[in-house]
Every structure is written in structure tokens, then in C-alpha cells.
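**Student:** Once you've had a glance at the structure underneath, I'll fire off some questions.
The numbers here are math on the coordinates, done by the rules we state, and not lab data. This is a predicted model, so every value here is computed, not measured. Cβ coordinates were reconstructed from backbone atoms using ideal geometry, including for glycine residues, and neighbour counts include every protein chain displayed.
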Amino acid sequence: MAPSDPIEPALDPMERIRGIDCELTHVWMVRTFLKHCDEAEEDDDLREVVRDLYDFILAVGPVDAVDDPATYLKMAKKKLRRLRGATELYEAIQPEVSGHTNFIMAARSLRLAVNKIEQLVTS
């Protein structure tokens, strides 16, 4: 008999929100890096990525201000498509923007954070 994967207990809404907030620290750092890089001055797509990342962060707000977990999670779910889109756009344009390790690692970091956010929002 093959061992089965242990079933993880469902997270309560505030645990999910705290998890999203932790991942948003990574999204914030990627956004800040991209916003302040020289390449952003010349690339409309890169500026769009920066705006869309900020839009998600601003829409959900700080975890300390959460009064209603259901409202937070609803907004996160509503804005998830835009967050995914920004991530996909950055992954597509990153090689053209720069092949520097900082840009490559920013794409990886963003992807890992967004995947986890998506998991937390949709669980």
C-alpha cells in the first residue's frame, strides 16, 4: 500500500490572509526593484507590471487593517487575475528588459509569491 499524502487542515480566513500578506512582502520588493530600475524609464510594459503589482497590494490593504476577512479575500480574488497577468507579462518581457541575474531572480521571486497567493486565495 502506497503512503498517502497527509491532508493539510484547512486554514481559517485570517491564517490565509496572514499568508497572503507574507507573500506580498516579496511582491512589494519586486515591484520596488522594478519601479526604480533604469529600464523602467523606457519600457511601457515594465511600468504596467509595476502599476498592476501595486494595484493588488493597495486593493487588499495592510493585514493590520482587516476588519472583515471575507471582504479581504473577496477583493484578493477579484484582483488575482490582474496580479497573474502582471506576473505573466513580466516573465514574458524579462529577457528583453535585461538578462541580469537581478531581473531573472525578480521573475522567479514574483512567480513563487504569486503562486502561493493564488493557492491561499482559492483554497
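**Student:** Rounded to the nearest 500, what is the 222 nm mean residue ellipticity of the chain from helices alone, with -39500 (n - 2.57) per DSSP H run of 4+ residues and division by all residues?
**Tutor:** When only DSSP H runs of four or more count, the value is -26000 deg cm²/dmol.
**Student:** With a sphere of radius 14 Å drawn around the Cβ of Thr71, what net charge do the other residues whose Cβ falls strictly inside it have (Lys, Arg +1; Asp, Glu -1)?
**Tutor:** +3
**Student:** Kyte-Doolittle mean at least 0.5 and Cα extent at least 18 Å along the axis: which DSSP H helices of the chain qualify?
**Tutor:** none
**Student:** Which one, Ile57, Leu89, Asn115, is farthest towards the positive end of the dipole of the range 13-122 when Lys and Arg carry +1 and Asp and Glu -1 on their Cβ?
**Tutor:** It is Asn115.
**Student:** Let me ask another. About its Cα centre, what dipole magnitude does the chain give when the only charges are +1 on Lys and Arg Cβ and -1 on Asp and Glu Cβ, stated in debye to the nearest 20?
**Tutor:** About 380 debye.
**Student:** Now for a separate question. Ordered by packing density, taken as the mean number of other Cβ atoms within 10 Å over each peptide's residues, highest first, how do 115-121, 64-70 rank?
**Tutor:** With the highest mean Cβ count within 10 Å placed first, the list reads 115-121, 64-70.
**Student:** Taking the chain as the region of interest, what is the percent of Cα-Cα pairs per 10 angstrom bin, listed from the shortest bin to the one with the maximum distance?
**Tutor:** 13, 43, 26, 14, 4, 0
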